[in-house]
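The values are calculated or read from the model by the stated rules, or taken from the named source; none is laboratory data. The structure presented is a predicted model; accordingly, all values stated were derived computationally and were not measured. Cβ atoms come from the backbone with ideal geometry, glycine included; neighbour counts cover every protein chain shown.
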Amino acid sequence: MAAVIIDGRAVAKAYKEGIAARTQEMIARGIVPHLAVVLVGENPASQVYVRNKENACIKAGIRSTVIRLAQDCTQETLEETVSALNKDASVHGILVQLPLPKHLDEARVLRLIDPDKDVDGFHAMNSGRLMNGQPGFVPCTPLGVMELLKAYDISIAGKHAVVIGRSNIVGKPMAMLLLAANATVTICHSRTQNLAELTRQADILVAAVGRAGFVTADMVKPGATVIDVGINRVDGQIVGDVDYAAVSEKAGYITPVPGGVGQMTIALLLANTLDAAERCGC
Ligand code: NDP
């Protein structure tokens, strides 16, 4: 039987409506949530991502500021910009759009962001909080996956979740969130042996690899929930990490690409911004 398609567009739309309502309620209390995005250079994909974030903020009633720095800007200028945003009490969330031009030290910049304004959840303080089960900011994409699972009432506790990918922005936080929800979690990566043997045990399989069609039907247990985080460009089309046509015949639930996880990422960025404003209370 064909899998139930997890409709990221519909879930994100409903979620963003909730965000807009929450924003209005906060504004009525005198708190105007404000996200500042720093964009360095002319990377076309980054320009699109930043425009999408700006539009989503405006639609939700969240104040948005985009600071554009030249491609050849110095580390010092970038760090001064972030420091000024840290000090600006009207700014609740700070996001530095990645990747940065090669001459800039990304890790240093991310470390500089005030952890309480780190709405991308990339600061080591927030990774540590997630690890320790303390409240903090969690990267938006894995948070979005958790919302999709919730929206479709997919139970997690006691299930075997297999995450392919161990990046700091997707794989590792994804695994920690599933663990916190009481799944038994296996993390796979490029050095994993017998990968298909592990993925076939997954009740929930998350692919965050960055390789088109990487997860094939023989790697999936019948009835499993398959979450495709991948975004790959093939012949001008966006495709995921999962061989969607074949796997959707075998899985119980599946996210399409586009129209799945990607839709949730910005929605959760907005949610993190509201949380930052709420915690600040100003
Ligand atoms: P990274 O390149 O940082 O990580 C990829 C991971 O996949 C690594 O841990 C790597 O292992 C693992 N991997 C690579 N090859 C294999 C293999 N043959 N077998 C098993 N594991 C393998 O990517 P990201 O985590 O940043 O992103 C992953 C995908 O998700 C990308 O397509 C990206 O575009 C997409 N993405 C989508 C978002 C969305 O909003 N939908 C947001 C962010 C990312 P190792 O660590 O050993 O190298």
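Quick look at the values:
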| read-out | value |
| --- | --- |
| Condition met for G259 (surrounded by 20 or more Cβ atoms within 10 Å (Cβ to Cβ) and either modelled with pLDDT of 95 or more or among the hydroxyl-bearing types (S, T, Y) (or both)) | no |
| Residues satisfying the stated conditions in the stretch 119-164, i.e. acidic (D, E) and within 16 Å of the ligand (Cβ to nearest atom) | D120, E147 |
| From I58, I5, I19, residue being in the same structural domain as A107 (by TED's automatic domain parsing) and modelled with pLDDT of 95 or more | I58 |
| Considering residues of the stretch 246-256 that are more than 14 Å from the ligand (Cβ to nearest atom) and part of a loop (DSSP other than H, G, I, E, B) only, the residue surrounded by the most Cβ atoms within 10 Å (Cβ to Cβ) | A251 |
| Leading residue by the ranking (nearest to L35 (Cα to Cα)) among those in the stretch 56-79 that are exposed (fewer than 12 other Cβ atoms within 10 Å of the Cβ) and charged (D, E, K, R) | E76 |
| Scope the stretch 144-194; condition closer than 21 Å to L98 by Cβ, surrounded by fewer than 20 Cβ atoms within 10 Å (Cβ to Cβ) and of a type in the set (K, R); matching residues | R166 |
| Residue among T186, T192 that is part of a loop (DSSP other than H, G, I, E, B) and of a type in the set (V, I, T) | T192 |
| Residue list for the stretch 143-177, filter: touching a helix residue (DSSP H, G or I) at 6+ places or on another chain (Cβ under 7 Å), without any contact (Cβ under 8 Å) to a residue 60 or more places away in the chain and assigned to a helix (DSSP H, G or I) | M146, P173, M174, M176, L177 |
| Top-ranked residue of the stretch 221-245 - restricted to ones that are away from the ligand (no atom under 16 Å from the Cβ) and aliphatic (A, V, I, L, M), ranked as farthest from the chain's Cα centre (by Cα) | A245 |
| Enumeration of residues in the stretch 195-211 that are assigned to a loop (DSSP other than H, G, I, E, B), surrounded by fewer than 19 Cβ atoms within 10 Å (Cβ to Cβ) and within 12 Å of the ligand (Cβ to nearest atom) | G210, R211 |
| Residue that is nearest to the chain's Cα centre (by Cα) [pool: residues in the stretch 15-41 that are without any contact (Cβ under 8 Å) to a residue 12 or more places away in the chain and more than 13 Å from K59 (Cα to Cα)] | E25 |
| Any chance D7 is within 30 Å of G252 (Cα to Cα) and charged (D, E, K, R) | yes |
| Complete set of residues in the stretch 103-127 that are closer than 21 Å to A208 by Cβ and over 17 Å from the mean Cα position of the chain (by Cα) | E106, A107 |
